[in-house]
Structures are given as C-alpha cells and as structure tokens.
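Worksheet: one structure, shown below.
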Amino acid sequence: MYKGYYFTAIILAGGSGKRMKSNIAKQFICLHGRPMVYYSLRAFAESPVDSIVLVTSKEHLEFCQKEIVDKYKIPKVINILSGGKERYHSSIHGVLASPQDSDYLLIHDSARPCITKELIMNCMESVVKQGNGTTAVKAVDTTCQVDEEGRIIHIPNRNHLWSIQTPQCFKYKDIKKAHERLMKQESVMSKAEKEAITDDVAVVRNFLKKEVYVFEGSYDNIKVTNPVDVAKAEETLKKQ
C-alpha cells in the first residue's frame, strides 16, 4: 500500500543521561555492545523507507557519523544534523532537512531501540490509509487525574486510553506546516503552553487542528528512561 510514495524517517537522538544517572547520553549507552541509537537506525535502514535523517546534539555529530553510520555501514542516512533546546526544535530541524519530495515522514525517538521493521511497515501502511497518526498501545493500568495536593479527582475509562509511542507518522506537508506555525507563535507562548508540546502529535493537533489516529504498536517497543529499562531493552533485542 505504501509503494509509490517517498518516506523519510527522522530519528531524534538528542537526549541526555540525567534520569539514567549516567555521564553518557542515553542514546549512546551500549546495548549488547552497540550504541542504543544504532538499533533504531538499523531497523529503519532495513525497512522500505527511502531515506533517514538523524538529529543529535552538536557535540555528537562526528561521533554519529564515524562511530555509528560509517562503522556499521548503515545505508539511507542522508543527513546528520544538530537539534535544538526543546524536542520540537529538534523535530522541526529534522523536518526541514528532509527531502522536499517526501510524501510522508516517520519521526522516531532513539530511546526506543526495540523498534522493528514490521512495526515500521505497519506505520507506513497505516499513514497512507488513515492519515496522520502514531503508534500506541492500549493502557494496561488504570490511570487517574490528581490535583496539586495529590487527591484523585478523575478516573477516566481505561477502554478509551492508549499509551503513545513512536514512530509517529505524518503527511510531509502537514507536519511541516504545523511546525512552521509553532515557530511563528513560540515567542508569545507561555511556559505551560510550551511544556504541553511533548511530541509531534501535539504539534499537529494544536497548530494544524487536524485529526491524528492511533496505529497498533507493541508493548516490546519500550522507551528507555532509567537503568532498569536498559536490561529490559537488551532482553527484548536478544529475543528479536
């Protein structure tokens, strides 16, 4: 279904190691002897996407080129560039660096190293069929909304709750326009408004007012945020 369209994958690898209690940025922590970001790059390189844009911090540009892309001979990487202060800054840098003839963009966090080629292909098919969307899994635990004092004020119906993951998939023209509008309004936005922009789904919904759908993700597609997650990711990668 996705054949005949040009897909670009943007991999965001500009995080820090604060919550990991590590001096190494988490995307470069080794899993089975290879930097975490390698696994996302490999999955997208082995998928049918046409090109890959890697966004990292300025100080890691040379490392990513020489010690990851060149060392492991990863194809399809057409650009490695530095990101920005906030996640959405890095996203817009990646979007603007993508080929202008792209039909669709897949934006993925390198902190999710267990992404698979099959899941990527499902995203590609889904975005062509349904439109802008994101991988997600149904919520397993009951969640609640609390006030500033920690009191539960609302328990939403779990059947309508999903946990959002990446890749998030968009029509190129939509995500580009949404980010351009965000950049124009950023100077007058409050701190709370900026903090509410946690991913690219929020950018499209808030600044383009377009529908975004969920695609079936995988519970194995975990986000590595603390030391315990490293062991979980290694176990999952070993199974894969």
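Here, each number is a calculation from the coordinates, and none is a lab measurement. The model shown is predicted, which means the values in this text are computed figures rather than measured ones. Glycine gets a Cβ as well: all are built from the backbone with ideal geometry, and neighbour counts include every protein chain shown.
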At L96 and A192, where each label point lies 7 Å from the Cα along Cα→Cβ, what is the point-to-point distance in nanometres? 3.0 nm
For the chain, just say rounded, prolate or oblate: build the C-alpha gyration tensor, square-root its eigenvalues into a ≥ b ≥ c, call rounded for a/c under 1.5, and beyond that prolate if a/b exceeds b/c, oblate if not. rounded
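Which pairs in the list K117/K223; K184/K209; K73/K173 are over 22 Å apart, alpha-carbon to alpha-carbon?
Working: K117/K223 17 Å; K184/K209 16 Å; K73/K173 31 Å.
Over 22 Å Cα-Cα: K73/K173.
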In nm, to one decimal, how far is the modelled label at E46 from the one at V140, with both set 7 Å along Cα→Cβ? 2.4 nm
Counting each DSSP H run of 4 or more residues in the chain as -39500 (n - 2.57), what helix-only mean residue ellipticity at 222 nm follows after dividing by all residues, to the nearest 500 deg cm²/dmol? -9500 deg cm²/dmol
Taking amide H atoms as placed 1.01 Å from N in the peptide plane, list the residues 5 or more away in sequence, or in a different chain, whose amide H sits under 5 Å from that of Y6. D103, Y104
Under the 7 Å Cα-to-Cβ spin-label approximation, M183 and K210 lie apart by a distance in nanometres of 1.7 nm
